[in-house]
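What follows is a single structure, written as structure tokens, with notes after it.
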């Protein structure tokens, strides 16, 4: 059965982005994914391999523990899928940290090839205060 782009991205979030099975990133991502980091102060892009992405999620696990990830909205328009989420974890001092973010993922041939992500970095900074 062929999965829709929305199903692929939703599964990616439930399995990999959630921190549950980060080693499975290559099932959902091509060898080189372009990741656009959209920030108010500047915009830049990086290229990530599935291993790079797994390492990135592991860094979040190391920083915030076994965080919870609530998908608040998933919308699809052809090959592009928009996801908005809320992540709750604890910093090293035991203080609850909430991340609000969203991203648009481009899926081609059943895998994520590119994404544009926006995170409330100021909100994170104020919580860490």
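When residues in the stretch 27-45 are screened for being surrounded by fewer than 17 Cβ atoms within 10 Å (Cβ to Cβ) and within 14 Å of the chain's Cα centre (by Cα), 4 of them pass. Here the stretch 54-85 is the region considered, the condition is being surrounded by fewer than 17 Cβ atoms within 10 Å (Cβ to Cβ) and in contact with a helix residue (DSSP H, G or I) (Cβ under 7 Å, 6 or more places away or on another chain), and the residue that is nearest to residue 14 (Cα to Cα) is 71. Could we say that residue 81 is in a strand (DSSP E or B), over 11 Å from the mean Cα position of the chain (by Cα), free of Cβ contacts under 8 Å to residues at least 40 places away in the same chain and closer than 22 Å to residue 28 by Cβ here? In short, no. Considering the conditions (1) within 18 Å of residue 121 (Cβ to Cβ); (2) surrounded by 18 or more Cβ atoms within 10 Å (Cβ to Cβ); (3) free of Cβ contacts under 8 Å to residues at least 60 places away in the same chain, residue 88 is excluded by exactly one of them, (2).
For residue 108, indicate whether it is surrounded by fewer than 18 Cβ atoms within 10 Å (Cβ to Cβ) and under 22 Å from residue 47 (Cβ atoms). Here the answer is yes, as residue 108 does meet what is asked.
Any chance the stretch 92-100 includes a residue that's within 12 Å of the chain's Cα centre (by Cα), within 22 Å of residue 128 (Cβ to Cβ) and assigned to a strand (DSSP E or B)?
yes
Close Cβ contacts (under 8 Å, 6 or more residues apart or on different chains) running from residues in the stretch 39-51 that are in contact (Cβ under 8 Å) with a residue 60 or more places away in the chain to residues that are assigned to a strand (DSSP E or B) and surrounded by 11 or more Cβ atoms within 10 Å (Cβ to Cβ) comprise 39/118; 39/119.
Give me a count of the residues in the stretch 4-56 that are assigned to a loop (DSSP other than H, G, I, E, B) and either under 22 Å from residue 67 (Cα atoms) or modelled with pLDDT of 95 or more (or both).
Going through the stretch 4-56 one residue at a time, the tally reaches 7.
The values are calculated or read from the model by the stated rules, or taken from the named source; none is laboratory data. For clarity, every value in this text was computed on a predicted model and none was experimentally measured. Ideal geometry is used to build each Cβ from the backbone, glycine not excepted, and the neighbour counts take in all protein chains shown.
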